[in-house]
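Below you'll find the structure, written out as structure tokens, and then a few comments.
The values are calculated or read from the model by the stated rules, or taken from the named source; none is laboratory data. Note that the structure is predicted; figures quoted are calculated from it, not measured. Every residue, glycine as well, gets a Cβ built from its backbone with ideal geometry; the counts of neighbours run over all protein chains shown.
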Amino acid sequence: MKPSTKKIIIYAILGLMILIAFSYFTRDTEKYSTEDAVRAEPMPDYSNSRYKEIYLAGGCFWGVQAYFDRMLGVVYTNVGYANGESEDTDYYSIGETGHAEAIYVVFDPDILSLEELLGYFYGIIEPTVLNRQGNDIGTQYRTGIYYVDPEDFETIKRVTEQEQEKHDEPIVTEIELLQNYILAEEYHQDYLVKNPGGYCHVDLSNIPRERPAVYTNAYPKPGDSEIRSELTSLQYSITQENATETPFQNPYWNNEEHGLYVDIVTGEPLFLSLDKFDSGSGWPSFTRPVQREVLTYHIDESLGMARTEVRSRSGDSHLGHVFDDGPVEEGGLRYCINSGALRFIHEDDLEKEGYGDFLIYFR
């Protein structure tokens, strides 16, 4: 082989390696735009976690989910169909299959006890009315408490007996071991977050133990020129061009101080230090976001593998990826995030930085 031919082959190989590396650090942002993104939010598994689980039926599940999802101590919720006559159903079949519209609630017993949670539940339903709540009538709108831990039965019974003392008519709320639960269609999940003016039979104006709300219009995304002027070249590449920083060589991978992590572009709150853990990856890792709705999820098929990309809601900043190899006791998810996409606000500075409402998590 001629020397010139060898050089051509070597240059071709080097060029290919550079192209592969470049594709790793920068992806086509138009292909993964927010508008075309595939919703790919992973579901945590709390069955073997340190948290408690309960299923509640209180009429239309839109309002019931919105009520509990805004409560401090509630870790996760979704909506579905519970305790019917079959292991499969959908919204248009529940009248025939006998399922009740219900919500799945995961809560932290160190913050919110089952007794307290059930007391709040009875406060938003009419427990003596059969097969009707608000304007909704039908067996799917019956009320129920469906438990998965047999030890919870005595607490449920005691709270229900205390509630009965407030009523002349007998309480008809079902108290049963969970038999089945089918996740509802995607458009039902977090319905009132997606449709703030939607129908709701639950009073959401006075939620006890309400956690801080994060509204997207409070954190508008600046123009590109302003973003460039405010960020370093690496921070810009990460958030706007989907780059990845070097592990173990970034500001927050081993940060153990208490505080709030916000989107470096918009300031939108994203993660709490209370949910941060050392994953050994060299990047900041969290078990969950401060609120589910502050993130968007997208299928990422770069590098020849399927991953779930995580982006910020308001700024559409690339943050990192989420994996299912996190701590089992916390639900099993690992949000692997670039430090360059975040700004850390120490607990002591939350008030002066305009995030004083989040002090409730640390107190």
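In this structure, is ILE125 over 20 Å from SER205 (Cβ atoms) and either at pLDDT 95 or above or assigned by TED's automatic domain parsing to the domain that holds GLU185 (or both)? Walk me through how you get there before you give the answer.
Numbers: over 20 Å from SER205 (Cβ atoms): no; either at pLDDT 95 or above or assigned by TED's automatic domain parsing to the domain that holds GLU185 (or both): yes.
No; evaluated as a whole, the condition is false for this residue.
Scan the range 186-205 for residues that are loosely packed, with under 13 Cβ neighbours inside 10 Å and either of a type in the set (Gly, Ala, Ser) or part of a loop (DSSP other than H, G, I, E, B) (or both) and jot them down.
Those that are loosely packed, with under 13 Cβ neighbours inside 10 Å and either of a type in the set (Gly, Ala, Ser) or part of a loop (DSSP other than H, G, I, E, B) (or both): ASN195, PRO196, GLY197, ASP203, SER205.
For GLY95, indicate whether it is assigned by TED's automatic domain parsing to the domain that holds GLN179 and at pLDDT below 95.
Details: assigned by TED's automatic domain parsing to the domain that holds GLN179: yes; at pLDDT below 95: yes.
Yes, satisfied.
If I filter the range 341-354 for residues that are touching a residue at least 24 places away in the same chain (Cβ under 8 Å), closer than 28 Å to TYR191 by Cα and surrounded by 19 or more Cβ atoms within 10 Å (Cβ to Cβ), do I get at least one hit?
no
Considering only the range 300-311, I want to know if a residue exists there that is under 15 Å from the mean Cα position of the chain (by Cα) and outside any strand (DSSP E or B). Before you say what the answer is, go through the steps one by one.
Initially, the range 300-311 is screened for residues under 15 Å from the mean Cα position of the chain (by Cα), giving 308-311.
Filter once more, so that each one left must be outside any strand (DSSP E or B): none.
Checked against the condition, which is being under 15 Å from the mean Cα position of the chain (by Cα) and outside any strand (DSSP E or B), the range 300-311 yields no hits at all.
Name the single residue that is surrounded by the fewest Cβ atoms within 10 Å (Cβ to Cβ) among those in the range 322-340 being of a type in the set (A, V, I, L, M, F, W, C) and over 22 Å from ILE264 (Cα atoms).
VAL328
Tell me the residue from GLU351, GLU329, GLU293 that is farther than 25 Å from LEU234 by Cβ, in a loop (DSSP other than H, G, I, E, B) and out of contact with any Gly (no Cβ under 9 Å at 6 or more places or on another chain), please. Working first, answer last.
Details: GLU329 fails: in a loop (DSSP other than H, G, I, E, B); GLU293 fails: in a loop (DSSP other than H, G, I, E, B).
Criteria check complete, one pass: GLU351.
Could you please tell me which pairs satisfy a Cβ distance under 7 Å, a separation of 6+ or placement on different chains, a first residue in the range 57-79 that is under 17 Å from TYR181 (Cβ atoms), and a second residue that is among the polar types (S, T, N, Q) and in a helix (DSSP H, G or I)?
Cβ pairs passing all conditions: THR77/GLN65; VAL79/GLN65.
Kindly indicate whether GLU330 is more than 26 Å from GLU53 (Cα to Cα) and assigned by TED's automatic domain parsing to the domain that holds ILE227. It would help to see each step written out before you state the result.
Numbers: more than 26 Å from GLU53 (Cα to Cα): no; assigned by TED's automatic domain parsing to the domain that holds ILE227: yes.
Spelling it out, it is not the case that GLU330 is more than 26 Å from GLU53 (Cα to Cα) and assigned by TED's automatic domain parsing to the domain that holds ILE227.
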